[in-house]
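Here the structure is laid out as structure tokens; the discussion comes afterwards.
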Amino acid sequence: MIINKRVLDLFLAVPALIVLMPLLLILAILVRFLLGSPVFFKQKRPGLHGQPFLLLKFRTMTDSRDAGGDLLPDSERLTSFGRFLRATSLDELPELFNVLKSDMSLVGPRPLLMQYLERYSPEQSRRHEVRPGITGWAQVNGRNALTWEEKFELDVWYVDNWSLWLDIKILFITVWKILKREGINHPGHVTMEEFKG
């Protein structure tokens with residue numbers, strides 16, 4: 001199972017990176033000039049079995065701060081260009097490098113924050129029995145329009161029902177969802193609200 005999944009990841013990720021390299025370079029330049037430096041957003045996230053890895057994305061927010069030096073709320077730091085990157089999922093493209101490194105898979109539960117690990121129920125923690133993915137079963141079934149509980153139920157369902165054909169199905173649905181730009185934001189929030197357990 002794992003070998004087949006890894007073969008699929010490499011079979012698709014390597015050509016995708018080659019084809020998309022000009023786009024990645026253009027986006028990197030635009031991010032640098034429109035949002036500033038650094039170009040990439042890097043953050044430690046839990047991977048397979050909760051082991052940490054460094055997630056790589058294009059940044060979508062500025063570093064704007066208030067008079068006290070504190071970062072402004074996400075809604076004020078997210079520019080129109082940042083919204084475009086998120087709406088089209090172009091900010092996720094650098095995660096293909098995470099797939100090459102075997103930190104991630106093309107398909108799997110989305111890697112969340114390290115501090116969430118201690119907040120999961122034992123059942124919810126099972127989402128870490130597989131590598132996290134760029135897209136996943138929860139992403140094609142509602143994405144950020146879902147509640148945390150609904151997301152985790154879908155993640156665990158994926159763990160229990162994984163197959164190569166399911167991954168291929170999810171990849172095709174993902175392309176359709178991106179084109180339709182569905183479920184980008186959680187209702188009432190610029191990003192998904194914090195999971196508090």
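The values are calculated or read from the model by the stated rules, or taken from the named source; none is laboratory data. The shown structure was predicted, so the numbers you read here are calculated from the model rather than taken from an experiment. Because the Cβ atoms are built from the backbone with ideal geometry, glycine has one as well, and the counts that use them run over all protein chains shown. The accessibility values were calculated without ligands, DNA or RNA, using every heavy atom of the protein model including side chains. Shrake-Rupley method; radii C 1.70, N 1.55, O 1.52, S 1.80 Å.
Region 10-55: D in µm²/s via Stokes-Einstein (Kirkwood Rh, Cα pairs, 25 °C, 0.890 mPa s)?
194
Given the pairs Lys101/Lys177; Lys169/Lys196; Lys44/Lys177; Lys44/Lys101; Lys5/Lys101, which span a C-alpha to C-alpha distance of over 24 angstrom in this model? Show your work: numbers first, answer last.
Details: Lys101/Lys177 26 Å; Lys169/Lys196 31 Å; Lys44/Lys177 27 Å; Lys44/Lys101 15 Å; Lys5/Lys101 14 Å.
Checking Cα-Cα distances, Lys101/Lys177; Lys169/Lys196; Lys44/Lys177 exceed 24 Å.
In whole percent, how big is the carbon plus sulfur part of the accessible area of region 43-181, probe 1.4 Å, protein atoms only?
Values: 3810 of 6750 Å².
Answer for region 43-181 is 57 percent, counting heavy atoms of protein chains only.
When the dipole is taken about the Cα centre of the chain, and only Lys, Arg (+1) and Asp, Glu (-1) are charged at their Cβ, what size is it in debye, to the nearest 20?
Details: 25 positive and 22 negative charges, 103 e Å.
Roughly 500 debye for the chain.
What ³J(HN,Hα) values, in whole Hz, does the Karplus curve 6.51 cos²θ - 1.76 cosθ + 1.60 give for region 58-63 when θ = phi - 60°, with x put for Gly and Pro?
Each residue's phi maps through the Karplus curve to give 6, 5, 10, 10, 7, 9 Hz.
Calculated from DSSP H runs of 4 or more alone, at -39500 (n - 2.57) each and per residue, what is the 222 nm mean residue ellipticity of the chain, nearest 500? Kindly include the intermediate steps, with their values, before the conclusion.
On the way: 6 runs with 83 residues, N = 197.
Rounded to the nearest 500, the figure is -13500 deg cm²/dmol.
Sort the chain into rounded, prolate or oblate with this rule: let a ≥ b ≥ c be the square roots of the eigenvalues of the Cα gyration tensor; rounded if a/c is under 1.5, and if a/c is not under 1.5, prolate when a/b is larger than b/c, oblate otherwise. Provide the component values of the computation, followed by the final result.
Working: a/c = 1.67, a/b = 1.24, b/c = 1.35.
Oblate shape, in that a/c is at least 1.5 and b/c is the bigger or equal ratio.
I'd like the distance between the alpha-carbon centres of region 1-32 and region 42-82, rounded to an integer number of Å.
22
If you average the C-alpha positions of region 89-137 and of region 147-166 separately, how far apart do those two centres end up, in angstrom?
After rounding, the separation between the Cα centres reads 12 Å.
How large is ³J(HN,Hα), in whole Hz, for each residue of region 40-50 in order, when computed from phi with the Karplus curve 6.51 cos²θ - 1.76 cosθ + 1.60 and θ = phi - 60°, using x for Gly and Pro?
Once rounded to whole Hz, the list reads 9, 8, 10, 8, 6, 10, x, x, 4, 6, x.
Can you check what the net charge comes to around Asp91, using other residues whose Cβ is under 11 Å from the Cβ of Asp91 (Lys, Arg +1; Asp, Glu -1)? Each step should come with its number before you reach the end.
Working: positive: Lys57, Arg59, Arg83, Arg86; negative: Glu92, Glu95.
Local net charge: +2.
If I require 27 Å or longer along the helix axis, counting alpha carbons, and a Kyte-Doolittle average no lower than 1.6, what helices from the chain are left? Use full DSSP H segments.
On the way: long enough: 2-35 (41 Å, 2.20).
Qualifying helices: 2-35.
Give the shape of region 1-106 as rounded, prolate or oblate, defined through the alpha-carbon gyration tensor: a ≥ b ≥ c are the square roots of its eigenvalues, a/c under 1.5 means rounded, and otherwise the shape is prolate if a/b is larger than b/c and oblate if not. Could you put the intermediate results ahead of the total?
Working: a/c = 2.94, a/b = 1.65, b/c = 1.78.
Note, shape of region 1-106 comes out oblate.
Which net charge results for the neighbourhood of Val156, defined as the other residues with beta-carbon distances under 13 angstrom from its beta-carbon, given Lys and Arg at +1 and Asp and Glu at -1? Don't skip to the end; give the middle numbers.
On the way: positive: Arg126, Arg127, Lys151; negative: Glu123, Glu129, Glu149, Glu150, Glu153, Asp155, Asp160.
Overall, the nearby charge balance is -4.
Could you give the accessible area per residue of region 1-127, probe 1.4 Å, as a whole number in Å²? Could the numbers behind the result be given before it?
Values: 6800 Å² over 127 residues.
Result: 54 Å² of accessible area for each residue.
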